[in-house]
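A short worksheet on the structure shown next.
The values are calculated or read from the model by the stated rules, or taken from the named source; none is laboratory data. Just so it is clear, the structure is predicted and the values come from calculations on it, not from any experiment. Neighbour counts are summed over all protein chains in view; Cβ atoms, including those assigned to glycine, are modelled from backbone coordinates with ideal geometry. Note: accessible area is taken over every heavy atom of the protein model, side chains too, but ligands, DNA and RNA are not part of it. Shrake-Rupley method; radii C 1.70, N 1.55, O 1.52, S 1.80 Å.
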Amino acid sequence: MAEYDLTPRMAPNLDRHLVFPLLEFLQERQLYDDNHILKAKIDLLNNTNMVDYAMDIHKTLYQTEDVPQDMVERRVDVVARLKSLEDAAAPLVAFLQNPAAVQELRADKHYNLQMLNDKYQIGPAQIEALYQYAKFQFECGNYSGAADYLYQYRALCTNSERSLSALWGKLAAEVLMQNWDIALEELNRLKEIIDSKNFSSPINQVQSRIWLMHWSLFIFFNHDNGRTQIIDLFNQDKYLNAIQTSAPHLLRYLATAFIVNKRRRPQFKDFIKVIQQEQHSYKDPITEFLACVYVNYDFDGAQKKMRECEEVILNDPFLGKRVEESNFSTVPLRDEFLENARLFIFETYCRIHQRIDMGVLAEKLNLNYEEAERWIVNLIRGSKLDAKIDSETGTVIMEPNHPNVYEQLIDHTKALNGRTYKLVTQLLEHGQAQAAR
């Protein structure tokens, strides 16, 4: 299944520290030769300050207790640089660790800067040193310290670009510490800035959205409500356009979220059109499954793709984490995906057939006869299916389903509201852009 591994596409859009969890997962799944993964880790570590970790991997890779001299010298440099930055940031760090002194800070950044300078002789040089110290701590793998210092730095920083950089670092640190609630808050802050900021080029804004979506995958597939929130973010016009133009591989994760999320059916219909449009630029078993069911009505193909989907999910770093590592108390994503995938096949097949042979249906659902019968009985009992089973003929008979006029009116009204909202938003943005000029 290495052909469906998206790590080579994902890595350029992630901070190098965020790539380590992906490599750890691939190493555990044994999709690649172990030495290949270890060499990739060392390549990543070469541009960080995690020298001790690089030394450990080198020893494992080459089965030796000796390490290259350049690593030894690099470690000496890192320790010396860390001490230098610590000394430079010490006055401000001491202030921030003093609860009584911190009480003097106000919401007004300019007041705070003047007060720090007049009363504590802390100026721009010490504030810049705090940023550099926090960044260095992050590169050393001390994500907790980095997150704290970056938070404090942003409270004092008046440079919007540097503050934005610190926010990216804070988000990465929270993700790496698996603080999903805090990480989600930082993600939303970052999104607001990206959507409202005047970028020097529209391409830069699109690239920022692409980075944000890649980083968000860590959060959305670990946070309790993430499978809904990924749809809310990725399916927005601006973000969906960015996916289609520059990162179509992200369709895998949006498709998965739609399949396991039953509350987003109205948006799902429009998403199928996107899948159909993008088949030439990206496809994998998950997107092909949807195309088989909803575009081509190829149920045999859908059955085959459903089996491949299971392997793709198990071997994807975001979708295939072990059940015991999951924050969800419900069924694992793989099981939820397969259950809903069967339901998609069944619903679509039933729309074009009124009487269905149970044996044929079992084959389409990739179940044996008894399993298929139990599955359909449970659907009928749960009021998810308006049908009955004829045991003598071994068929499922669909009851006529006449759409409720009022329900149709409500659905069309909801769709109209959505289109109106998009149109108004586009007009307002156009007006703001004209005013900015």
Open item on the list: Can you give me the accessible area per residue for the chain, using a 1.4 Å probe, in Å²?
Closed with: 53 Å²
Task: HN-Hα J in Hz across segment 36-42 - Karplus 6.51, -1.76, 1.60, θ = phi - 60°, x for Gly and Pro - done: 4, 5, 4, 5, 5, 5, 5
Open item on the list: Explain nothing, just compute: Karplus ³J(HN,Hα) = 6.51 cos²θ - 1.76 cosθ + 1.60, θ = phi - 60°, for every residue of segment 184-193 in order, whole Hz, x for Gly and Pro.
Closed with: 5, 4, 5, 4, 5, 4, 5, 4, 4, 5
- [ ] Search the structure for amide H atoms under 5 Å from the amide H of A387, placed 1.01 Å from N in the peptide plane, and list their residues when 5 or more places away or on another chain.
- [x] E399
- [ ] Rank-order 244-254, 154-164, 278-288 by packing density, defined as the average count of other C-beta atoms within 10 Å over each peptide's residues, highest first.
- [x] 244-254, 278-288, 154-164
TODO: Report, to the nearest 10°, how far helix 299-314 tilts away from the longest principal axis of the Cα atoms in the chain, using its own Cα long axis and a range of 0 to 90°.
DONE: 30 degrees
TODO: With a Förster radius of 25 Å, plug the Cβ-Cβ distance of N159 and Y53 into 1/(1 + (r/R0)^6) and report the FRET value to the nearest 0.05.
DONE: 0.20
TODO: Can you pull the one-decimal nm distance between simple spin-label points at R75 and Q276, each 7 Å off the Cα toward Cβ?
DONE: 6.1 nm
Task: Kirkwood Rh in Å, taken over all unlike Cα pairs in segment 101-235 - done: 16.1 Å
Task: Spatially proximal lysines relative to K135 (Cα-Cα < 24 Å; intrachain offsets below 8 disregarded) - done: K41, K83, K109, K170, K191, K197
Task: Mean Cβ count within 10 Å, highest first, over the residues of peptides 291-301, 111-121, 13-23 - done: 13-23, 291-301, 111-121
- [ ] Determine, for each peptide in 184-197, 213-226, the mean count of other beta carbons within 10 angstrom over its residues, then list the peptides with the highest first.
- [x] 213-226, 184-197
TODO: Could you go through segment 58-66 in sequence order and give the Karplus-derived ³J(HN,Hα) for each residue, using 6.51 cos²θ - 1.76 cosθ + 1.60 with θ = phi - 60°, rounded to whole Hz, and x for Gly and Pro?
DONE: 4, 5, 5, 5, 9, 6, 8, 9, 8
Open item on the list: What percent of all Cα-Cα pairs in segment 1-152 falls into each 10 Å bin, going from 0 up to the bin containing the maximum distance?
Closed with: 9, 30, 25, 19, 12, 5, 0
Open item on the list: Across the chain, what fraction of all alpha-carbon pairs, as a whole percent, falls in each successive 10 Å bin from zero upward?
Closed with: 4, 17, 24, 22, 17, 10, 5, 2, 0, 0
- [ ] May I ask which residue of Q303, V67, A247 lies farthest towards the positive end of the charge dipole of the chain, with charges of +1 (Lys, Arg) and -1 (Asp, Glu) on Cβ and the Cα centre as origin?
- [x] A247
Task: Cβ-defined net charge surrounding L150, 11 Å radius [Lys, Arg +1; Asp, Glu -1] - done: +1
Open item on the list: Using just the Cα positions, wrap segment 59-103 in a convex hull and report its mean projected area in square nanometres, one decimal place.
Closed with: 4.9 nm²
Task: Interchain or long-range residues, amide H under 5 Å from I122's placed H - done: N117
- [ ] Report in % the part of the accessible area of the chain that belongs to carbon and sulfur, leaving out ligands and nucleic acids; probe 1.4 Å.
- [x] 49 percent
TODO: Taking each pair of different alpha-carbon atoms in segment 360-401 once, compute 1/r for the pair, average those values, and report the inverse of that mean as the Kirkwood hydrodynamic radius in Å to one decimal.
DONE: 10.6 Å
TODO: Go ahead and estimate [θ] at 222 nm for the chain from helices alone: -39,500 (n - 2.57) per DSSP H run with n ≥ 4, summed, over the residue count, rounded to 500.
DONE: -22500 deg cm²/dmol
Task: Built amide H within the under 5 Å cut-off of T395, gap 5+ - done: M358, D390
Task: In degrees, nearest ten, helix 124-139 long axis to first principal axis of the chain (Cα) - done: 50 degrees
